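What follows is a single structure, written as structure tokens, with notes after it.
The values are calculated or read from the model by the stated rules, or taken from the named source; none is laboratory data. Computed from a predicted model, the values in this text were never measured in an experiment. Glycine gets a Cβ as well: all are built from the backbone with ideal geometry, and neighbour counts include every protein chain shown. When the accessible area is computed, the model is the full protein with side chains, heavy atoms only, and any ligands, DNA or RNA have been set aside. Shrake-Rupley method; radii C 1.70, N 1.55, O 1.52, S 1.80 Å.
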Amino acid sequence: MISLIRNEIGKIIKRVDTRALLLLSVWPLLLSVLVVVKDDVFKMEGDAIGAFEYTNYMVIIQNDIFLPLLLTVLIASVSLYQEVQKKTIYFYKDIARKDILKAKYVSVFSMYFLFLFSYILMSFASYYLAFCHHSMATGTFISYPTEVIDMLYTAIQVILGATLYIHVGITFALRTSTGMTIFGTTMFYMFARIVPNFKFLKLVFPIGYKEVLEVTAHPYMCSLLLSLLVYAVYHAVIYYFNRRTFERMQFN
Amino acid sequence: MISVNNLSMKYEKAKRYSLSNVSFEIGDGEMVGLIGKNGAGKSTLMKSICKFILPSEGEILLDGKNIKASDRCLDDVGILLEPVFFQYMSAYDNLAYYLKIHNKEQYIQEIDDVLNMVGLGKNRDQKPSDFSFGMKQRLGLALALVGHPKKLILDEPFVGLDPVGVKDLISILQEQVKNNKMQAIISSHQLYELNELCDRVLVLYNGELVFDGVPDFSQHLLVDLDKEYANGKDIAGVKALEDKKRVEVSMDTIDESLRQIMVDYKIIGVETKKNSLEQFFIE
């Protein structure tokens, strides 16, 4: 199983779509390059920020742009739908279908987390290389210790949300074409963005839990634990149905 | 040994069974040809043996192991169903990836030998997207042969190959199967080549196995008589044909048969006939 996952990751990383995703992580460094040729790149107002706050904003903004998520879903579609359609799935012969699916899951999520890790590193690099010379930078790692938990909470929620989008993408990729997968996942993304604004749908996604749990002594901790639980249930249910579908699939 | 027992397959929404109650066995060192017209169920049968499609009924045993009940029964089976590869990896990398996921890293050093054997030694670093169809077919064969398989399942292996390629493939298969006591099942519409290779033939017709055995390829003598052959008077080794003035005489009894024919008839023409697999298939 470990060997299968290792080889699947080794294979997936050779693909152009995966390389495009990893290339996106270089985006924060582009700011450092830009600042050399154009000194008013950081047109910002407000309080000066540290490296931590800067990186946090970068992560949230990038996820809002949705491009990395979309590329990750594309990677999932090529790994699942297109391998079945193009019959390269025959390479796996009778390796247990659940193991093949697990390897695909791990490789797709690994690429997203590799992107995220690289993106965070690049954001720190961008801060210390370029932004820390700007008037809006404090030059320290954390400038607002009291807000660290709030920012970290938001970032974790964004990342947890991202894992759900990717999982929904995998669900589409098991059943429909690449175009439909992108369409379906985009629809889900838009739905997930507007849901917290409706009172009766607020609790469908855990991003809105903190407000509800503010009456407790540790709203962040309670909300985070509840979020993890809810996401775990979502992932478990989706995985169960995906595995069932994949195990019964006819590779014609 | 490959054993297929009462295998039936009906696709979802299909009106009829693609395979109906098919049973056969393939023993060590045996090369079996699978023939049948388009849509007869050849590919369904092969994909069922490879576990790519899950049959509705019946069982398939590989060396006594039910493939439905256990995984990785096909690690020692070389498969060529369609020449498909990961286009972003070189020919060499495709084979290496295949060996690695099937825990056969020890054979990676033999990849170059296998590529040379199928005539792709110089193309090892090229991507399959740059290959012609014939080269892809050869790479598919390399994929089936790499890692010392004990069984081979080949669907239309001659398609796209030039005459030299076909000849090479026949000699590679003959050598590999006989020397390594492999079991092979080969489906093809190229009956002459199949005839050269196979010990036995399975014929599928509308999903049913209608023939399992060695077709009669013995030589016969076609004899034209001066008058219609009287069916009532049976002569050993003589069979009347549709044209009643013509009979088929077996070579095994030729002397005695001809002697008896000449008692009542005058022979006005003689022709030799050798059955081919093609003729057998059409009949």
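Am I reading the B/A interface right? What is its buried accessible area, both sides, 1.4 Å probe, to the nearest 100 Å²?
2600 Å²
Considering chain A as a Gaussian network with a 10 Å cut-off on Cα pairs, which listed residue, A:Pro28, A:Pro68, A:Pro145, attains the greatest mean-square fluctuation?
Largest GNM mean-square fluctuation: A:Pro145.
Could you give the nm distance between label points at B:Ser8 and B:Ser23, where each point is 7 Å from its Cα heading toward the beta carbon?
According to this spin-label approximation, the distance is 1.4 nm.
How far, in degrees from 0 to 90, does helix A:2-12 lean away from the longest principal axis of the Cα atoms of chain A, to the nearest 10?
Here the helix axis deviates by roughly 70 degrees.
How large is the helix-only mean residue ellipticity at 222 nm for chain B, computed as the sum of -39500 (n - 2.57) over DSSP H runs with n ≥ 4, divided by its residue count, in deg cm²/dmol to the nearest 500?
-8500 deg cm²/dmol
Enter the angle in degrees (range 0 to 90, nearest 10) between the Cα long axis of helix B:254-264 and the first principal axis of the Cα atoms of chain B, meaning the one along which they spread out most.
30 degrees
A:Val237 to B:Lys178: FRET efficiency via 1/(1 + (r/R0)^6), r the Cβ-Cβ distance, R0 45 Å, to the nearest 0.05?
Once the sixth-power term is evaluated, E becomes 0.25.
Let me have the 222 nm mean residue ellipticity of chain A computed from DSSP H runs of 4+ only, each contributing -39500 (n - 2.57), with the sum over all residues rounded to the nearest 500.
Per the formula, -22500 deg cm²/dmol.
Express as a percent, rounded to the nearest 5, the fraction of DSSP beta bridges in the protein assembly as shown (both residues included) that run antiparallel.
Antiparallel: roughly 65 percent of the beta bridges in the protein assembly as shown.
Which one of B:Leu99, B:Gln137, B:Asn123 is farthest out on the positive end of the charge dipole of segment B:95-142, using unit charges on Cβ (Lys, Arg +1; Asp, Glu -1) and the Cα centre as origin?
Towards the positive end, the residue furthest out is B:Gln137.
Explain nothing, just the number: relative contact order of chain B, from Cα pairs under 8 Å at least 6 residues apart, as a whole percent.
21 percent
Ignoring ligands, DNA and RNA, what accessible area per residue does segment A:111-176 give at 1.4 Å, in Å²?
43 Å²
With the Cα gyration tensor of chain A giving a ≥ b ≥ c as the square roots of its eigenvalues, does the rule (a/c under 1.5 for rounded; else a/b larger than b/c for prolate; else oblate) give rounded, prolate or oblate?
In terms of gyration-tensor shape, oblate.
For chain B, what does the alpha-carbon gyration tensor say about shape, rounded, prolate or oblate, given a ≥ b ≥ c as the root eigenvalues, a/c under 1.5 as rounded, and a/b over b/c as prolate?
Prolate, since a/c reaches 1.5 and a/b exceeds b/c.
Roughly how much of A:Leu71 is accessible, in Å² to the nearest 10, using a 1.4 Å probe?
Counting only protein heavy atoms, the figure is 30 Å².
Nearest 10 degrees, 0 to 90: what angle lies between the long axis of helix A:219-248 and the longest principal axis of chain A (Cα atoms)?
The two axes meet at around 20 degrees.
Segment B:159-231: which trypsin sites (Lys or Arg not before Pro) are DSSP loop and have at most 14 other beta-carbon atoms within 10 angstrom?
Answer in residue order: B:Lys181, B:Lys227.
For segment A:107-204, calculate the relative contact order in percent as a whole number, restricting contacts to Cα pairs under 8 Å that are 6 or more residues apart.
In percent, rounded to a whole number, it is 15.
Order the following by accessible area, largest value first: B:Met135, A:Met1, B:Met46. Probe radius 1.4 Å; ligands, DNA and RNA are ignored.
If we order B:Met135, A:Met1, B:Met46 from most to least accessible, we get A:Met1, B:Met135, B:Met46.
Rounded to the nearest 0.05, what FRET efficiency is calculated for A:His133 and A:Arg19 with R0 set to 45 Å and r the Cβ-Cβ distance?
0.90
Leaving out ligands, DNA and RNA, what percent of the accessible area of the protein assembly as shown is carbon and sulfur, probe 1.4 Å?
It is 58 percent, rounded to a whole number.
With contacts defined as alpha carbon pairs under 8 Å and 6 or more residues apart, what's the relative contact order of chain A in percent?
28 percent
Taking square-rooted eigenvalues a ≥ b ≥ c of the alpha carbon gyration tensor, is the protein assembly as shown rounded, prolate or oblate, where a/c under 1.5 means rounded and, failing that, a/b exceeding b/c means prolate?
In terms of gyration-tensor shape, prolate.
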